[in-house]
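Novice: One structure follows; several queries about it will come next.
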Amino acid sequence: MALHFQSLAELEVLCTHLYIGTDLAQRIEAEKALLELIDSPECLSKCQLLLEQGTTSYAQLLAATCLSKLVSRVSPLPVEQRIDIRNYILNYVASQPKLAPFVIQALIQVIAKITKLGWFEVQKDQFIFREIIADVKKFLQGTVEHCIIGVIILSELTQEMNLVDYSRPSAKHRKIATSFRDTSLKDILVLACSLLKEMLAKPLNLQDQDQQNLVMQVLKLVLNCLNFDFIGSSADESADDLCTVQIPATWRTIFLEPETLDLFFNLYHSLPPLLSQLALSCLVQFASTRRSLFSSPERAKYLGNLIKGVKRILENPQGLSDPGNYHEFCRFLARLKTNYQLGELVMVKEYPEVIRLIANFTVTSLQHWEFAPNSVHYLLTLWQRMVASVPFVKSTEPHLLDTYAPEITKAFITSRLESVAIVVRDNLDDPLDDPATVFQQLEQLCTVSRCEYEKTCTLLVQLFDQNAQNYQKLLHSASGMTVDMAIQEGRLAWLVYLVGTVVGGRLTYTSTDEHDAMDGELSCRVFQLISLMDTGLPQCCNEKIELAILWFLDQFRKTYVGDQLQRTSKEATGGCVPPN
């Protein structure tokens, strides 16, 4: 059917096939028709028809989709036409604030694309597409619904400016993004923080869905500002532990005001979980602010305010029962150590109390082994980096890690052994069946476990001897493979992994002959277990223990047998010197 003959009803059928149709052939035809519509001279008039007379939200969505593709073309529409489209959409969403959220979002994306692509276009000595921020302020003076739309416009614009379009020159994208950063982004952040302060100053009626939505959209706007790629580094969030937020120097005054951090900590304590999680996400970015933004005294003061906030959260931990809050808080703690040195942390007045609270929080988290392994990763990262920093601390203030690191190690070891019986008896997913997570956690633990190593070694020797004896008794019993045997094998597998981990954590510049002797004590037990299993073949063959033994042997080889050894220990050479 020729497009110029299509009526509103026919266009709405096209929308149905495109967005909610289940017939694949009809959907393919609808997609072809959409492409033809975009190329048609009647495209704008058809979009206007759908927006003004369409009877479904999908009709409005089709119009927004067509407009988005139209304004994103490499060959742009005339300036006057783009101004008309922008103004039309602004008036349209202002007059119909109760549109379906996905329609509002799609239409606002069109405005954001027009603004970005026309950012440097001048008419009558004015940057004609930069007036959008002034236009948005009119929305903020209206109803709650209008205010939400205004905030979404700023949020989408910030995201669009940050989005790399690989079909266009990257240099042009950086030029636009840098200009937006320098001329507008700070004002947007200040505006968003002002809105949050206003909301917090008066009683929040979070039973009102619109009010709750407004708070959520403003927090998302702040997060988009803080997540902006300020220097074109395109930081990869998958490398989360390496992330530093390159805040511009012109934002320094905002970050130096204690009220800024207080605002987001207060929001966390005042809001329900869905919203408090966003407040914590913002705090993660605040904690990741580049060090060079501040002088040394300013940095110490800023860190002190962050630590006070951590203390307050841990003293009132109710919100951390929410998985989203818990995960973001763990990220927040890890980012603190990424950006600040242990020597700086111990100088904070609240440090002794806060490190105690963090240790208790970590122990509790490790004891609940079945929950949130992705979040525990951040806690172990924190402790790994704290302990790794100990040899380099010059401050005379006590770091207290010799007190708390052994508690973390003990909690990890005992919780993993205790998990085996629950996994076997309740037929749950075995953590050992996820080697990627297990190895990641063990590699983090290896550093922590070498702090006050005597305690770690004593615990492992005791547990290994106890479990090896139980295993030997079961081997000689007549019952054969029972639930008890499966539990014992699971515990031994964990213990072999753990011995390999602590042996692999040996560092040349901190190890002593006493530590090497302890490694020997532990390693002997694994070799004895190998002999015990060899004598009982084939009935005592267990894949999990064998995989753990391979892990141990690899760690032992790298530590005591490898070609790259920098120091020969007595244990590696047999523990004695041959006589002359």
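Readers should treat all values here as calculations from the given coordinates under stated rules, not as data from a laboratory. For clarity, every value in this text was computed on a predicted model and none was experimentally measured. All Cβ positions, glycine included, derive from the backbone under ideal geometry; neighbour counts span all protein chains shown.
Novice: Can you tell me the FRET efficiency between residue 437 and residue 137 if r is taken as the Cβ-Cβ distance and R0 is 45 Å, rounded to the nearest 0.05?
Specialist: For residue 437 and residue 137, the calculated efficiency is 0.40.
Novice: Got a sec? Charge dipole of the stretch 126-225, +1 on Cβ for Lys and Arg, -1 for Asp and Glu; which of 189, 171, 203 is way out at the positive end?
Specialist: Going by the Cα projections, it comes out as 171.
Novice: In the structure shown, do any of 301/394; 197/220; 337/394; 308/394; 46/175 have a Cα-Cα gap over 26 Å, and if so which?
Specialist: Beyond 26 Å between Cα atoms: 46/175.
Novice: Just grab the label-to-label distance for residue 475 and residue 356, each label 7 Å out from Cα along the Cβ direction, in nm (one decimal).
Specialist: Result: 4.7 nm between the two label points.
Novice: Something else: Quick check: residue separation of residue 27 and residue 96 times 0.36 nm, minus the Cα distance between them. What number comes out in nm?
Specialist: 21.9 nm
Novice: Which peptide among 449-456, 57-64 comes first, and what is the full order, when sorted by highest mean count of other Cβ atoms within 10 Å?
Specialist: In decreasing order of mean packing, 449-456, 57-64 become 57-64, 449-456.
Novice: Oh, and also: Which ³J(HN,Hα) values in Hz, rounded to whole numbers, follow from the phi angles of the stretch 448-465 under the Karplus curve 6.51 cos²θ - 1.76 cosθ + 1.60, where θ = phi - 60° and Gly and Pro get x?
Specialist: 5, 5, 7, 7, 6, 4, 4, 5, 4, 5, 4, 5, 5, 4, 4, 5, 5, 4
Novice: When you count, for each residue, the other Cβ atoms within 10 Å and take the mean per peptide, how do 406-417, 357-368 rank with the highest first?
Specialist: Per-residue Cβ counts within 10 Å, averaged per peptide and sorted highest first, yield 406-417, 357-368.
Novice: Counting other Cβ atoms within 10 Å, keep those with at most 15, restrict to DSSP loop, and tell me which trypsin sites (Lys or Arg not before Pro) in the stretch 204-302 are left.
Specialist: Of the trypsin sites (Lys or Arg not before Pro), the ones in loops of the stretch 204-302 whose Cβ has at most 15 other Cβ atoms within 10 Å are 290.
Novice: Starting from the 7 Å offset along Cα-to-Cβ, what nm value, one decimal, do you get for the label separation of residue 396 and residue 208?
Specialist: 5.8
Novice: Could you go through the stretch 152-164 in sequence order and give the Karplus-derived ³J(HN,Hα) for each residue, using 6.51 cos²θ - 1.76 cosθ + 1.60 with θ = phi - 60°, rounded to whole Hz, and x for Gly and Pro?
Specialist: Going residue by residue, I get 4, 4, 5, 5, 5, 5, 5, 5, 5, 5, 8, 7, 7 Hz, with x marking Gly and Pro.
Novice: Quick one: grab the alpha carbon gyration tensor of the chain, order the square roots of its eigenvalues as a ≥ b ≥ c, and give me rounded if a/c is under 1.5, else prolate or oblate depending on whether a/b is larger than b/c.
Specialist: Prolate shape, in that a/c is at least 1.5 and a/b is the bigger ratio.
Novice: Hey, another quick one. Taking +1 at the Cβ of each Lys and Arg and -1 at the Cβ of each Asp and Glu, which of 522, 488, 468 sits farthest along the dipole of the stretch 441-563 towards its positive end, judged by Cα position relative to the Cα centre?
Specialist: The Cα lying farthest towards the positive end belongs to 488.
Novice: Can you tell me the order of 488-500, 387-399 when each peptide is scored by its average per-residue count of other Cβ atoms within 10 angstrom, highest first?
Specialist: Result, highest mean first: 488-500, 387-399.
Novice: Would you calculate the separation in nanometres between label points at residue 168 and residue 527, each defined as 7 Å from the Cα along the Cα-to-beta-carbon direction?
Specialist: My value for the distance between the label points is 6.7 nm.
Novice: Please report, in debye to the nearest 20, how large the charge dipole of the chain is about its Cα centre when each Lys and Arg carries +1 at its beta carbon and each Asp and Glu carries -1 there.
Specialist: Here the chain has a charge dipole of around 1640 debye.
Novice: For the chain, what does -39500 (n - 2.57) per DSSP helix run (n ≥ 4), summed and divided by total residues, give at 222 nm, in deg cm²/dmol to the nearest 500?
Specialist: Calculated at 222 nm, the ellipticity per residue is -22500 deg cm²/dmol.
Novice: Amide H neighbours of residue 289 under 5 Å, at least 5 residues apart or on other chains, H built in the peptide plane: list them.
Specialist: Amide H neighbours of residue 289, under 5 Å, 5+ apart: 245.
Novice: Below 12 angstrom from the Cβ of residue 433, what's the summed charge of the other residues (Lys, Arg +1; Asp, Glu -1)?
Specialist: My count for the surroundings of residue 433 gives -3.
Novice: With the contact rule set at Cα under 8 Å and sequence spacing of 6 or more, what percent relative contact order holds for the chain?
Specialist: Normalised by residue count, the contact order of the chain is 7 percent.
Novice: Please work out the FRET efficiency for the pair residue 507 and residue 321, using the Cβ-Cβ distance as r and a Förster radius of 51 Å; give the result to the nearest 0.05.
Specialist: FRET efficiency, residue 507 to residue 321: 0.85.
Novice: Run the numbers on the stretch 240-399 and let me know its relative contact order in percent, using alpha-carbon pairs under 8 Å that are six or more apart.
Specialist: 26
Novice: Straight distance only, please: which aspartates and glutamates reach the Cα of residue 473 with their own Cα at less than 14 Å, same-chain residues fewer than 8 apart left out?
Specialist: The qualifying aspartates and glutamates are 465, 484, 489.
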